[in-house]
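Encoded as structure tokens, the structure appears first; notes follow it.
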Amino acid sequence: MSTAQYVLSDSWEMTKRHLRQIPRIPELFFFSLIQPIMFVLLFRYVFGGAVRTPPGIDYVQYMMVGIFAQSMTFATAGISTGLADDLQKGLIDRFRSLPMARSAVLIGRMGSDLVRNLFVAIVMIGVGLLVGFRFTNGFWGGLFGIAMLGLTVLAFGSIGAWIGLSVRNAETANIAGMVWLFPLTFTSNAFVPVQTMPGWLQAWAKVNPVSIIVDACRGLFIGPPQFAVFPAVWQALAWCVGLIAVFGFLAVRQYKRV
Amino acid sequence: MTDNVIIAEGLVKRFGKVQAVNGVDLAVPAGTVLSVLGPNGAGKTTTVRMLTTLLRPDGGRAVVGGHDVAREPDAVRKIIGLSGQYAAVDEYLTGRENLDMFGRLYHLPARAARERAAELLARFRLTEAADRPAKTYSGGMRRRLDLAAALVIRPRILFLDEPTTGLDPRSRLGMWEVIRELVHEGTTLLLTTQYLEEADELADEIVIIDHGEVIAQGTSDRLKAQVGGERISFTVGSAAMIPKASSAVLAVTDATPEIDQETLTVSAPVAGGTRSLVAVVNALDAAGIEAHDLGLRRPTLDEVFLSLTGRRTEDEQEERD
């Protein structure tokens, strides 16, 4: 087999490893759903009435897409904690002493987290439908929207991979992978229109990558006339690919020298 | 020299300002066991990590199985087995799934990986637990699974980094038995340990390292001879008797005896064999001291370490903190 084939087969072995873990730690999957569901209920029924959405847009539509995207960014903590745990338990050392592809540990972890978070996304879409969310941009819009969510998992997962391999301790990795996500996702347009924020915060919220990803998802899930698909999708793609490239590179470099 | 399958020449590794390994030379002939002995933080693990391609040396050179670890790491990884200080297995996977996964990552065909996993599970008495998650295994079982994972490709060269640390005495004996079997089959083994007894028990050759440097080297017998020949040792009934016993021994042997307050043991090197023994017995008798377990014996590796470094192995950790 060639090197490229080994990358694929080794990554698949690692993906299999993590996918097997999911049903064996059901509580982890369960709790990773609770938080976004609580956010749905909070924003739908508690804060929702107080938020002024742009004319012609129902707040359920507005915030549900925000929550889809936010719950995908939480992939960061899962990946950082998992890798730090492997590092602490000596598993990364073992993998590095094997003649396997250097990138397979990271690719396998990302691949399985993609699958896990797509499950989360599907459950969240189900919850959304129950509280009144509707797809209004057709089948392909919905499908590409879900693909965009998947890409978000990979982008934020790369950041998580780099964090996990850098802090080397599972508890720290959990906090370090999580703590900045709250300010980042809440200072975006995920829950409230940017126009209602003070000027200085607006300036940030407009360039916040989470806003850009949420815009793209709104374009794909809800669509025009309220939300344009382009250029939001291109911008979001650029952000995600950029994050994957930069943090993927940093993570692989860190993996080689831990 | 050509039959040395593990060679290190002047290996150096720094972490920031800390000189973790400072010019270590090693040579392990094929089919033999070298034990790297030293206290916590001596540089044992760092040395093993360099030899197994996990760390790039800052200086020096290492050749394992004919391949330079820095230039041909992949060639080295294909022929070695490594079992580190932790039981590095996935605890949510079953024993079988773990071994199967490692087999596949060594690029064994699917069927060969499966068969090898079953073979190893049987060999390490894990067949019954094979389909339970490793999380449910005892410490000894996990270690056996970890060692099994290192043997998936029947490596000719095996590195074991403190294979029995944290094991209860029974599991330790079990592990020794397995290691002896492997060596009997012709595996070349480099083993690190902080247990002097373990090195004594398993190794053909012992290298003692401290602060990243080799401070002594040789067979167990030679190292023991290096600290002087025989020693006399005995225990007394109470701590109050120790000063008197001590001065009685000093008067006869001309050496300040070593005292172990916990076990109330007094020991000292002697030159004159049984004649010294009789002299000490007489001196103790004259001082009115009743001694137990009195006899001549060769020094333990603990005493070797003490005489080489000026301190006991167990003191090291506190000293470093």
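Looking at the square roots a ≥ b ≥ c of the eigenvalues of the Cα gyration tensor of segment A:33-80, which shape do they give, rounded for a/c under 1.5, prolate if a/b is larger than b/c, or oblate? Prolate is the answer for segment A:33-80, as a/c is 1.5 or above and a/b outweighs b/c.
Compute the Kirkwood hydrodynamic radius of segment B:230-297, taking the inverse of the mean of 1/r over all pairs of distinct Cα atoms, and give it in Å to one decimal. Here the Kirkwood hydrodynamic radius works out to 11.4 Å. A simple count of charges around B:Gly273, restricted to other residues whose Cβ falls under 14 Å of its Cβ and scoring Lys, Arg +1 and Asp, Glu -1, yields +3. Taking segment A:158-195 and a reference point 7 angstrom along Cα→Cβ of A:Leu201, the backbone N atoms nearer than 13 Å belong to A:183-195. Among A:Trp140, A:Pro209, A:Ser80, whose Cα lies farthest out toward the positive end of the dipole of chain A, if unit charges sit on the beta carbon of Lys, Arg (+1) and Asp, Glu (-1)? My answer, from the dipole projection, is A:Ser80.
Rounding to the nearest 10 and keeping the result within 0 to 90°, find how far the Cα-based axis of helix B:242-253 lies from the longest principal axis of chain B. So the inclination is approximately 80 degrees. How long is the gain from A:Arg257 to A:Val46 if the chain were fully straight, where each residue apart is worth 0.36 nm and the alpha carbon distance is subtracted? Stretched out fully, the A:Arg257 to A:Val46 stretch lengthens by 71.1 nm.
Which entries in A:Lys16/A:Lys89; B:Lys224/B:Lys244; B:Lys13/B:Lys135; B:Lys17/B:Lys78 show an alpha-carbon gap greater than 24 Å? Going by Cα-Cα distance, B:Lys224/B:Lys244; B:Lys13/B:Lys135; B:Lys17/B:Lys78 fall outside the 24 Å limit. About the Cα centre, and with charges only on the beta carbon of Lys, Arg (+1) and Asp, Glu (-1), how big is the dipole of the protein assembly as shown? Nearest 20 debye, please. Here the size comes out at about 2720 debye.
Note on B:Glu290 and A:Trp12: their simple-model spin labels are 7.7 nm apart, each label 7 Å out from Cα toward Cβ.
Look at the stretch B:101-109: the mean tally of other chain Cβ atoms within 10 Å of its residues' Cβ atoms is 5. Look at where the Cα atoms of segment B:184-249 and of segment A:53-81 average out, and the two centres are 64 Å apart. Cβ-Cβ distance of A:Arg168 and B:Val278, R₀ of 51 Å, FRET efficiency by 1/(1 + (r/R0)^6): the value works out to about 0.25. Ranked by the mean number of other Cβ atoms within 10 Å of their residues, highest first, the peptides A:235-246, A:210-221 fall in the order A:210-221, A:235-246. Orientation-averaged projection of chain B equals 19.3 nm² [convex hull of Cα atoms, one quarter of hull surface area]. Rg and Dmax of chain A, based on Cα coordinates, read 18.7, 60 Å. Partner shielding of A:82-90 amounts to 2, given as the average count of beta-carbon atoms from other chains within 10 Å of each residue beta-carbon.
A protection proxy built from the mean count of other Cβ atoms within 10 Å ranks the segments B:184-195, B:229-240, most packed first, as B:184-195, B:229-240.
Remark: the B:Asp302-B:Glu9 segment gains 102.8 nm on full extension, using 0.36 nm per residue and subtracting the alpha carbon distance. The orientation-averaged projection of the convex hull spanning the C-alpha atoms of segment A:177-258 amounts to 6.6 square nanometres.
Of all DSSP beta bridges confined to chain B, the antiparallel ones make up roughly 65%. In the elastic network of chain A, a GNM with C-alpha springs shorter than 10 Å, the most mobile of A:Gly128, A:Gly145, A:Gly49 is A:Gly49. Highest-first packing order for the peptide set B:198-204, A:107-113, B:278-284 is A:107-113, B:198-204, B:278-284, based on the mean count of other beta carbon atoms within 10 Å. Look at the stretch A:125-135: the mean tally of other chain Cβ atoms within 10 Å of its residues' Cβ atoms is 0. Between segment B:252-311 and segment A:115-155, the C-alpha centres lie 78 angstrom from each other. The calculated FRET efficiency for B:Ala255 paired with B:Trp176, based on their beta-carbon distance and R0 = 35 Å, is about 0.55. Taking only the Cα atoms of the protein assembly as shown, the ratio Rg/Rh comes out at 1.13, with Rh defined as the Kirkwood radius.
Any read-out appearing in this document is the output of simple, stated calculations on the displayed coordinates, not a laboratory observation. What you see is a predicted model; the values in this text were computed from it and never measured. Don't worry about glycine lacking a Cβ; one is built from the backbone with ideal geometry, like all the others, and counts go over all protein chains shown.
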